[in-house]
1. Could you tell me whether region 172-354 comes out rounded, prolate or oblate from its Cα gyration tensor? Rule is a ≥ b ≥ c as square roots of the eigenvalues, rounded for a/c under 1.5, then prolate if a/b exceeds b/c, otherwise oblate.
2. When the chain is treated as a GNM, springs tying every alpha-carbon pair under 10 Å, which of Asp120, Asp191, Asp234 comes out with the largest mean-square fluctuation?
3. For Val249, enumerate residues with amide H under 5 Å from its amide H, sequence gap 5+ or separate chain, H modeled in the peptide plane.
4. Expressed in nm to one decimal, what extension gain is obtained for the pair Ala124 and Thr251 from 0.36 nm per residue of sequence separation less their Cα-Cα distance?
5. Using 0.36 nm times the number of residues separating Tyr337 and Gln262, minus their current alpha carbon distance, what extension gain do you get?
6. Within region 206-250, which trypsin sites (Lys or Arg not before Pro) sit in a loop by DSSP and count at most 15 neighbouring Cβ atoms inside 10 Å?
7. Any idea how far apart Glu30 and Gln204 come out in nm if each label point goes 7 Å out from Cα toward Cβ?
8. Could you please report the charge total around Leu275, scoring K, R as +1 and D, E as -1 over all other residues with beta-carbon less than 14 angstrom from its beta-carbon?
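The values are calculated or read from the model by the stated rules, or taken from the named source; none is laboratory data. Owing to the predicted nature of the structure, the values given are computational and were not obtained by experimental measurement. Because the Cβ atoms are built from the backbone with ideal geometry, glycine has one as well, and the counts that use them run over all protein chains shown. For the accessible areas, the whole protein counts, side chains as well, though only heavy atoms, and no ligand, DNA or RNA atoms are used. Shrake-Rupley method; radii C 1.70, N 1.55, O 1.52, S 1.80 Å.
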Amino acid sequence: MHDNPLTLPLSSLRSHDAIVVEQREWFADEELRRALALAVAAGDRAQGTTSPNPPVGAAVVALDGEVVGVGATEPVGGPHAEVMALRQAGAQAEGATMVVTLEPCAHTGRTGPCTQAIIDAGIARVLYCHKDPSALAGGGAQVLEHAGVESEYLGLAVKALQPWLHAQHSQRPYVVAKIAQSADGFVAAADGSSQWITGAAARQAGHRFRAQADAIMVGTGTVLADNPTLSARDGHGNELEKQPRPIVVGTRTIPSEAMLWQRGVEQFSSPAQALDWLWDHGERLVLVEGGPDLITSMLTLDLVDELHLYLAPLLLGAGKSSVGHVAGTLEHATRFYVEATEMFGQDVAVVMRRTT
């Protein structure tokens, strides 16, 4: 852990954080590379706290080449990343360069336009990784250019922004489905036992992702069988500061003694109904943890954008399958591509995204 974000090492700019789509000469500039690493890391830390706004990170490089300000978007209603970075930079923002993961916004909403804050601070150049696709907030680069601030689109894909960008395009929350199963595809043994198929390290990784999600969704079958809290917890069982909104899909009645009632659960009859409600309430990243019927339904409806598959090194041979009938032929199979793999103890996590 780094107490001072300005001292984050260049090694923090990892391939899974920011993917270089188009190489630029400025990557030879060490301080600009450091600024990009800091901006990306700041946006990563903000993920799960900013919806319906995107988790943006920004950094300011002064005229002497030093990174003098780093910021991330605050929870809704608070300042955006650019303003936070400018506050830290203070007077050193005059004539400086700003690196930001998303094109600065040009509209007045709960806060003022970031473009005006950049202009007022005297920033000379803005480098941004993604263009803002929204009709309301986009166009910031043109506003900056008109005011004499040089702006450049870098053509980088920043991972923390991908769910938000996809949600803007699809006009529904980005959906991540998580499955923890045996190597031969079962989430429970023939006798119904399922705790625990995966080990402690894999389960803790799942809790960390819960804290990044805006909402967590399960079916009524999971509630009736497991009576879960659907909370995000640390390795000692303590609840983390950031918690996802609990959502249940299904028509069966949730018992009055269910622990989910303590967390303000919302219930819907269908996945589409739940996603529409979540979108309207500003949620942009939804984690689906089952059971198999709900995940199968969402796959059939083409509502799963990303799949986190945790594979335990054990064989059951029979039991409850992780997914039901989705396609009858290879031609109609739901296809994903593997984005990353990681070991958690003896378990393997495979992150897959839908092919387009």
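1. rounded
2. Asp191
3. Close amide H contacts, sequence-distant or interchain: Val218, Gly219, Thr220, Phe268.
4. 40.0 nm
5. Contour length minus the Cα-Cα distance gives 23.2 nm.
6. Sparse-neighbourhood loop trypsin sites (Lys or Arg not before Pro): Lys242.
7. Spacing of the two 7 Å Cα→Cβ label points: 3.5 nm.
8. -4
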